[in-house]
Amino acid sequence: MSKAVRWQSWDGEGLEHMVFSDRPTGIAAEGAILSGGEARFAAHYELSCHPDGHVAEARVAIVGGPSITLQSDGDGLWRNSDGKRVPALVGASDVDFSASPVTNMLAIRRLGLAEGEVGEITAVYVRFPDLEVELDRQRYTCLQAGRRYLYEAIDGTFRAEIETEESGLPTLYHGLFRRIP
């Protein structure tokens, strides 16, 4: 089953179109981002997950710019597009794209938190448009089961509430993105 969704950046200048598929072999998502604001860029991405919800592969290409491919064994070991291990990413279970709420959906679905529960993850944070990567420890708190979550960077640099539909797809990411019909 596939579902297409669109998000608009909070400032109204950016747009993302994403097609999400929930398959027996794992979640897959493909999308395109048109960024507004100061850092104008266009990007295409593909994500696939292992059946347990951990990210298996993330591919991102900036139109006219850099591209990156990261593959994970699901146990915290990562390889780049050349198949070489990336020791700096050891231990990460998820990917977080700075320019998209789709990766928050992956973490929310995988964690499956009940109201009041807290889950912590280590993500490969991919900064757009330069596609620089770093580890980022993150915390999700379920405020309302299947509907509202508090996202926090564990280092205290960012926090925001994320509203979702029951499938975990974000409908509102306060200060960053809003879903559009």
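The values are calculated or read from the model by the stated rules, or taken from the named source; none is laboratory data. Keep in mind that what you see is a predicted model, and the values were worked out from it rather than measured. Here Cβ is always computed from backbone atoms with ideal geometry, including for glycine, and neighbour counts include all displayed protein chains.
Would you mind stating whether Thr141 is over 15 Å from the mean Cα position of the chain (by Cα) and farther than 16 Å from Ser100 by Cβ? Before you say what the answer is, go through the steps one by one.
On the way: over 15 Å from the mean Cα position of the chain (by Cα): yes; farther than 16 Å from Ser100 by Cβ: yes.
Against the criterion (over 15 Å from the mean Cα position of the chain (by Cα) and farther than 16 Å from Ser100 by Cβ), Thr141 qualifies.
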### Message
So in segment 145-178, with the set limited to residues that are under 17 Å from Ala114 (Cβ atoms), in a loop (DSSP other than H, G, I, E, B) and out of contact with any helix residue (DSSP H, G or I) (no Cβ under 8 Å at 6 or more places or on another chain), which one is modelled with the lowest pLDDT?
### Response
Glu166
### Message
Restricting to segment 56-104, name every residue that is closer than 25 Å to Gln8 by Cα, of a type in the set (Lys, Arg) and loosely packed, with under 14 Cβ neighbours inside 10 Å.
### Response
none
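Answer with yes or no whether Glu16 is surrounded by 15 or more Cβ atoms within 10 Å (Cβ to Cβ) and among the charged types (D, E, K, R). Don't jump to the end; show me each part of the working.
On the way: surrounded by 15 or more Cβ atoms within 10 Å (Cβ to Cβ): yes; among the charged types (D, E, K, R): yes.
Taking the combined requirement at face value, the residue satisfies it.
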### Contacts under 6 angstrom Cβ, first residue in segment 32-53 being closer than 16 Å to Met105 by Cα and in contact (Cβ under 8 Å) with a residue 40 or more places away in the chain, partner among the hydrophobic types (A, V, I, L, M, F, W, C) and not in a loop (DSSP other than H, G, I, E, B), 6 or more apart
Tyr45/Val60; Leu47/Ala29; Leu47/Ala58; Cys49/Ile27; Cys49/Val55; Cys49/Ala56
### Task
Find all pairs meeting these conditions: Cβ atoms under 6 angstrom apart; at least six residues apart or on different chains; first residue within segment 7-21 and in contact (Cβ under 8 Å) with a residue 60 or more places away in the chain; second residue loosely packed, with under 14 Cβ neighbours inside 10 Å.
Gln8/Ile180; Trp10/Gly175; Phe20/Lys3
### Query
Which number in (1) without any contact (Cβ under 8 Å) to a residue 24 or more places away in the chain; (2) in a strand (DSSP E or B); (3) surrounded by fewer than 16 Cβ atoms within 10 Å (Cβ to Cβ) marks the one condition that Glu120 misses?
(1)
### Query
Can you find a residue in segment 2-10 that is closer than 20 Å to Glu166 by Cβ, at pLDDT below 95, in contact with a His (Cβ under 6 Å, 6 or more places away or on another chain) and of a type outside the set (Phe, Trp, Tyr)?
no
